[in-house]
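Engineer: Have a look at this one.
The values are calculated or read from the model by the stated rules, or taken from the named source; none is laboratory data. Note that the coordinates shown come from a computational prediction; the quantities given were computed from them, not determined experimentally. So basically every Cβ, Gly included, is an ideal-geometry build from the backbone, and we count neighbours across all protein chains shown. Protein only, heavy atoms only, side chains kept; ligands, DNA and RNA dropped before computing areas. Shrake-Rupley method; radii C 1.70, N 1.55, O 1.52, S 1.80 Å.
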Amino acid sequence: MIELRPIFSTLRRHKTTAWLLVLEIALTCAIVCNAVFLIGQRLQRMDLPSGVAEHELVQIQLGRIGKSTEAMAQSQTDLAALRLIPGVKQVAVINQLPFSDGGASNSGIRLSPQQQQDTLEATTYYGEGALSTLGVRLLEGRDFQHGEYADFGTIIADLHNGDLKNLPSTIIVTQALAQRLWPGQEALGQTIYVGKGLPFRVIGVVADLGRPNDLNQGPEYSTVWPIRMTVADGSSYVIRTAPQDRATVLQSAVAKLKQLDPNRVVLVKRTYDDARHEFFANDRAMAGILVGVIAALLTVTALGIVGLASFWVGQRRRTIGVRRALGATRGDILRYFQAENFLLASFGIAFGMVLAYGINLFLMVHYELPRLPGIYFPVGAAVLWVIGQLAVLGPAMRAANVPPVVATRSA
Amino acid sequence: MFGYYLDLALRSLARNKVLTTLMVVALALGIGATITTLAVLRLLSGDPLPQKSAQLFYPQMDPYPANQPFSRSGKMPWLLSYVDAMNLLRARRAQRQAAVALSQVKVMPQTADGNPFYADGVMTTADFFPMFDAPFQYGAGWSAGDDDARAQVAVIAGFLNDQLFGGADSVGHMIRIEGHDFRIVGVLRPWAPQPRFYALHLGGHSYGKGQGVFVPLQSARADGITPSAMMSYGPGSGMDHLETSPAIWLGVWLELPDAAAVSTYRRFLANYAQQQVALGRFQKSRTAMPALMEWLRGEHVVPDDARLQAGLAFGFLLICVVNTVGLLLAKCLRRSREIGVRRALGASRAAIFVQFMVEAAIVGMVGGVLGLVFAELGLWGIRHQPAQYAGLAHLDLSMFLFTFVVALAASLIAGLLPAWRACAVAPAPQLKAA
């Protein structure tokens, strides 16, 4: 057992330097805890399930073409041609994809027609055959049947004219949305209301389907509607193929579309993996920067500990020599400096935790971050203890090597 | 005297090279990180039109139904409907006024082998160019008469002129946009205010190169060109009936030369909204009219990530300063005997204090130079980030000088405590111990 009393009495004589070290460790601890937490948040975001067959999808988006009446015919021609390309398993015209740049369509959702304000804002997926093409897993109920689909252009015109007879009346929701809207209840058969009380009955529940962006509104609050899209509405051709065929299928699909109408402009052609990679690029960069900052911070702090510990060892050479002459072993001296560092680190960590909590509160108010989970505190403490011990090891070994004869020499 | 302190300081620093290097590198890392993030933050939160921004205002009103507000937190709608925007424009109550919407437009080159491509376009009205001081290389903007006559005219950016006409004077040439011929009346010099204040919430980027094509709003709409962003507050709003549908899709900018004009316009805007309530078009009569910088700040145009990084860098610098204080202090305490001798030989406390501050300042200046290298490295890293503003990150002269201010301030603050402790050393015990 190491005696703490001599350590305290020594530190009392080096109050200022000891406090500076404690302060440095505290600041490092606070910033590192929060930075690691931020990295965790980014990784968690990057890891969200999209619910689609990510490695099997390619997307082609064309510039708008003509009026929507011609566009429907054009889209059907395109689809038929695309289906003939070798390697193409399924094709659909879909308005958006999960976690990808580009527009997003959303809709306010209400649980009763009398409700004054929307319960939440959910994203809305349109496109005939969207679920099976994307490979979204259906948990309950069924997918839409061919006859249930209505044309997007027709719906817009009907809504404009106030003619509500031919609107679709069914909807598919994600499990996350179902649990949010009807906790603990069966979602199938429930009705949601949109705008001025237009009713839609839930006929299916899917496992996961991420929204395109605006993830803080609930990353999985998605709905699928029986609405047929054309490329004129800003929708994309989404092709399902085998992972190894993606590049060739994408190339031949673009060539085919160009051949059908050379005047069209391809706005987007990419695999879903690329789209997702691009969408999270900022998060990846931020996480990288944070890792760099943590590494630099820990290095600076470790070097600071090395510097101060070396200074202390140099200053106490005489004392160490006397202790050795009086029978202290090398191990005793080594452990003395290790214990001293442990003590200082512990003080620093204790202050650092309070500071970390304070910084987290500030971030929660200004950057909409959640509360720092408790697990970060012991982990942060352990990391700093280890770094402190590693940093002090060199100077402590040098101290242990001070020969007892130093005691007899004059300083 | 100063020369002597410099000499003493250099000798002292050279005596313990490892410790000195440690201090300099730590300080340089902190300064590098701080300057990198501050340069980015300055770029992002800058004034896009410094000479004009105080006179530019952004009117807002609220056509949304009471039970379906624009936002749950009570924010004013970002944009105006066509009807309201045109009413403001036609009233001509400001010195200049323009409505703005963005659109991706298909441009067909006139050459035989040219492939069509998409360009970032702006649909706006005549006052846009003089109001925002957009500089012309050739020609000029169109007139209010062109707006009313739905004239097929266009202004193009310099980079598009280079691409399509090899940089020659293209005024009078035709350009085919979305299948319609427009006559070019003006070519802009490179012009890209950062942040792109007029594009906020219109579906474009807040930073970057700028738009390529500018066309009169009403002419573009007559040709069926649709805006990139549209928010509707009632059912039955498609892109086909934008002029009459319950949708907001236009930003309006006003130039008001003085405070009197501003307060007159605020009254006019409030009256207009009350009139609309009386007519039954609006349910709420609230209005707002932030000035340009106020509008940018209110909409948090600076990305959170950039502010977080700056905060992080400051924390880092703080730790580096604490680290330097500790190391300088350790060094100075080891030199108690030297200080004792100097004091005994007649050096005043002030002289000792200055000597140690000079030593700290040298650490700071070297740290600053190295920090500059780190900052350039950091900015090079930022330029390779995926953010919109990445390409713009650079160190200008004022940031360059500011680096040394930060370095000197940081090192002098760090040197304060050690220098104070050094000059407090009592000479007698030190001499006796020797």
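Engineer: Quickly estimate the mean residue ellipticity at 222 nm for chain A, helices only: each DSSP H run with n ≥ 4 gives -39500 (n - 2.57), and the total goes over all residues, rounded to 500.
Structural biologist: Helix contribution divided over all residues of chain A: -17000 deg cm²/dmol.
Engineer: Got a sec to turn the phi values of region A:71-80 into Karplus ³J(HN,Hα) couplings, 6.51 cos²θ - 1.76 cosθ + 1.60 with θ = phi - 60°, whole Hz, x for Gly and Pro?
Structural biologist: 4, 4, 5, 4, 4, 5, 4, 4, 4, 4
Engineer: Evaluate the distance, in nm, between pseudo-label points positioned 7 Å from the Cα of A:E278 and of B:R42 along their respective Cα→Cβ axes.
Structural biologist: Label-label distance for A:E278 and B:R42, simple model: 3.3 nm.
Engineer: A follow-up question, please. With the radius of gyration and the Kirkwood radius both derived from the Cα set of the protein assembly as shown, what is their ratio Rg to Rh? Intermediate values should be presented prior to the final figure.
Structural biologist: Values: Rg = 34.0 Å, Rh = 31.7 Å.
On the Cα set of the protein assembly as shown, Rg over Rh gives 1.07.
Engineer: With charges set only on the Cβ (+1 for Lys and Arg, -1 for Asp and Glu), what does the dipole of the protein assembly as shown come to about its Cα centre, in debye to the nearest 20?
Structural biologist: Its charge dipole is roughly 4740 debye.
Engineer: Another question, if that's okay. Just to verify a number: FRET efficiency for A:E140 and A:A255, C-beta to C-beta distance, R0 = 56 Å, to 0.05?
Structural biologist: 0.85
Engineer: How much net charge surrounds A:G127 when only other residues with a Cβ under 11 Å from its Cβ are counted (Lys, Arg +1; Asp, Glu -1)?
Structural biologist: On the way: positive: A:R228; negative: A:E128, A:D233.
So the surrounding residues net to -1.
Engineer: Another question about this same structure. Evaluate the distance, in nm, between pseudo-label points positioned 7 Å from the Cα of A:D101 and of A:V354 along their respective Cα→Cβ axes.
Structural biologist: Each label point is offset 7 Å from its Cα along the Cβ direction, giving 4.6 nm.
Engineer: For B:K331, list the lysines whose Cα falls under 29 Å from its own Cα; do not include residues on the same chain fewer than 8 positions away.
Structural biologist: The qualifying lysines are A:K15, B:K17, B:K432.
Engineer: Let me ask something additional. With a 1.4 Å probe and every protein chain kept in, tell me what percent of the accessible surface of region B:210-305 is carbon plus sulfur.
Structural biologist: 53
Engineer: Pick out the long, greasy-scoring helices in chain B: whole DSSP H runs spanning 15 Å or more along their own axis by Cα, mean Kyte-Doolittle at least 0.5.
Structural biologist: Correct list, ordered by number: B:17-44, B:304-334, B:349-383, B:397-423.
Engineer: Give the percent of DSSP beta bridges with both residues in chain A that are antiparallel, rounded to the nearest 5.
Structural biologist: Roughly 75 percent of the beta bridges in chain A run antiparallel, per DSSP.
Engineer: Can you give the FRET efficiency to the nearest 0.05 for B:M365 and B:N87, using r as the Cβ-Cβ distance and R₀ = 60 Å? Kindly include the intermediate steps, with their values, before the conclusion.
Structural biologist: On the way: r = 61 Å, r/R0 = 1.02.
Rounded to the nearest 0.05, the efficiency is 0.45.
Engineer: May I ask you to derive the relative contact order of chain B, considering only C-alpha pairs under 8 Å and at least 6 residues apart, and to give it as an integer percent?
Structural biologist: Over chain B, the number comes to 27 percent.
Engineer: Same structure again: I want to check the label-to-label distance for A:Q114 and A:A295. Put each point 7 Å from Cα in the C-beta direction and report it in nm to one decimal.
Structural biologist: 6.2
Engineer: Could you pull out every residue, at least 5 positions away or on a different chain, whose amide H is within less than 5 Å of the one on B:S245? Hs are placed 1.01 Å off N in the peptide plane, and Pro or chain starts have none.
Structural biologist: Amide H neighbours of B:S245, under 5 Å, 5+ apart: none.
Engineer: Need one number: buried accessible surface between chains B and A, 1.4 Å probe, both sides summed, DNA, RNA and ligands left out, in Å² to 100.
Structural biologist: The summed interface area works out to 4100 Å².
Engineer: How far is the Cα center of region B:3-60 from the Cα center of region B:84-116, in Å?
Structural biologist: Each part's Cα centre sits 42 Å from the other's.
Engineer: How much net charge surrounds B:A270 when only the other residues with a Cβ under 13 Å from the Cβ of B:A270 are counted, with Lys and Arg +1 and Asp and Glu -1?
Structural biologist: +4
Engineer: If I build a Gaussian network model for chain B, linking alpha-carbon pairs within less than 10 angstrom, which residue out of B:A192, B:A85, B:A387 has the largest mean-square fluctuation?
Structural biologist: B:A387
Engineer: Can I ask one more? Can you tell me which of B:T36, B:T226, B:T21 moves the most in a GNM of chain B? Springs connect C-alpha atoms under 10 Å apart.
Structural biologist: Of B:T36, B:T226, B:T21, the Gaussian network model singles out B:T21 as fluctuating most.
Engineer: Given springs between every Cα pair under 10 Å in a Gaussian network model of chain A, which of A:G374, A:G63, A:G127 has the largest fluctuation?
Structural biologist: The residue with the greatest mean-square fluctuation here is A:G374.
Engineer: Cα centroids of region A:11-78 and region B:353-398: how far apart, whole angstrom?
Structural biologist: When both Cα centres are located, 27 Å separates them.
Engineer: Once phi is turned into θ = phi - 60°, what whole-Hz ³J(HN,Hα) does the Karplus curve with 6.51, -1.76 and 1.60 give for every residue of region B:121-135, x standing for Gly and Pro?
Structural biologist: x, 10, 9, 8, 10, 3, 5, 3, 5, x, 5, 9, 6, 6, x
Engineer: Still on this structure, please answer the following. In whole Hz, what ³J(HN,Hα) sequence does region A:21-28 give by Karplus (6.51, -1.76, 1.60; θ = phi - 60°), x for Gly and Pro?
Structural biologist: Working through the residues one at a time gives 5, 4, 4, 4, 5, 4, 4, 4 Hz.
Engineer: With unit charges on the beta carbon (Lys/Arg positive, Asp/Glu negative), name the residue among A:V91, A:I171, A:L43 whose Cα is farthest towards the positive pole of the charge dipole of chain A.
Structural biologist: Working it through, the farthest residue towards the positive pole turns out to be A:L43.
Engineer: Farthest toward the dipole's positive end in region B:141-202, which of B:Q152, B:L200, B:I175, given Cβ charges of +1 (Lys, Arg) and -1 (Asp, Glu) about the Cα centre?
Structural biologist: Farthest towards the positive pole: B:L200.
Engineer: Find out how many positive minus negative residues lie around A:D118, taking Lys and Arg as positive, Asp and Glu as negative, among other residues whose Cβ is under 11 Å from that of A:D118.
Structural biologist: Within the 11 Å Cβ shell, the charges total +1.
Engineer: Grab the beta carbon distance between B:L401 and A:L361, set R0 = 45 Å, and tell me the FRET efficiency rounded to 0.05.
Structural biologist: With a Förster radius of 45 Å, E is 0.80.
Engineer: Once you charge only the Cβ atoms, +1 for Lys and Arg and -1 for Asp and Glu, what is the size of the charge dipole of region A:199-348 about its Cα centre, to the nearest 20 debye?
Structural biologist: Roughly 700 debye for region A:199-348.
Engineer: Another question, if that's okay. Quote the charge dipole size of region B:170-227 about the Cα centre in Debye, to the nearest 20; the model charges only the Cβ of Lys and Arg (+1) and of Asp and Glu (-1).
Structural biologist: 200
Engineer: Also: Placing one identical point scatterer on every Cα of region B:337-434 and ignoring solvent, what is log10 I(q)/I(0) from the Debye formula at q = 0.12, 0.14, 0.24 Å⁻¹?
Structural biologist: Treating every Cα as an identical point scatterer, log10 I(q)/I(0) equals -0.55, -0.64, -1.09.
Engineer: So what is the relative contact order for region B:53-298, in percent, with contacts set as C-alpha pairs under 8 Å and at least six apart?
Structural biologist: Result for region B:53-298 is 33 percent.
Engineer: Given the options A:V136, A:G210, A:G108, identify the residue whose Cα lies farthest towards the positive end of the charge dipole of region A:100-227 (+1 on Cβ of Lys, Arg; -1 on Cβ of Asp, Glu).
Structural biologist: The listed residue farthest towards the positive side: A:G108.
Engineer: Regarding region B:145-264, what whole-number volume in Å³ per residue does the convex hull of its Cα atoms give? Could the numbers behind the result be given before it?
Structural biologist: On the way: hull volume 18.5 nm³, N = 120.
With only Cα atoms used, region B:145-264 gives 154 Å³ per residue.
Engineer: Here's a follow-up. Viscosity 1.306 mPa s, temperature 10 °C: give me the Stokes-Einstein translational D for region B:281-403 in µm²/s, with Rh taken as the Kirkwood radius over C-alpha pairs. Walk me through the intermediate numbers first.
Structural biologist: On the way: Rh = 19.4 Å.
Answer, rounded: 82 µm²/s.
Engineer: Ignoring ligands, DNA and RNA, please state the percent of accessible area on region A:100-227 from carbon and sulfur, probe 1.4 Å.
Structural biologist: The C+S portion of the solvent-accessible surface of region A:100-227 is 48 percent.
Engineer: Can I ask one more? State whether region A:100-227 is rounded, prolate or oblate according to the following rule on the C-alpha gyration tensor (a ≥ b ≥ c being the square roots of its eigenvalues): a/c under 1.5 gives rounded; otherwise a/b larger than b/c gives prolate, and the remaining case gives oblate.
Structural biologist: Here region A:100-227 falls in the rounded category.
Engineer: While we're here: Kindly work out what percent of the DSSP beta bridges joining two residues of region A:100-227 are antiparallel, to the nearest 5. Working shown, then result.
Structural biologist: Values: 14 of 24 bridges.
Here the antiparallel bridges make up roughly 60 percent for region A:100-227.
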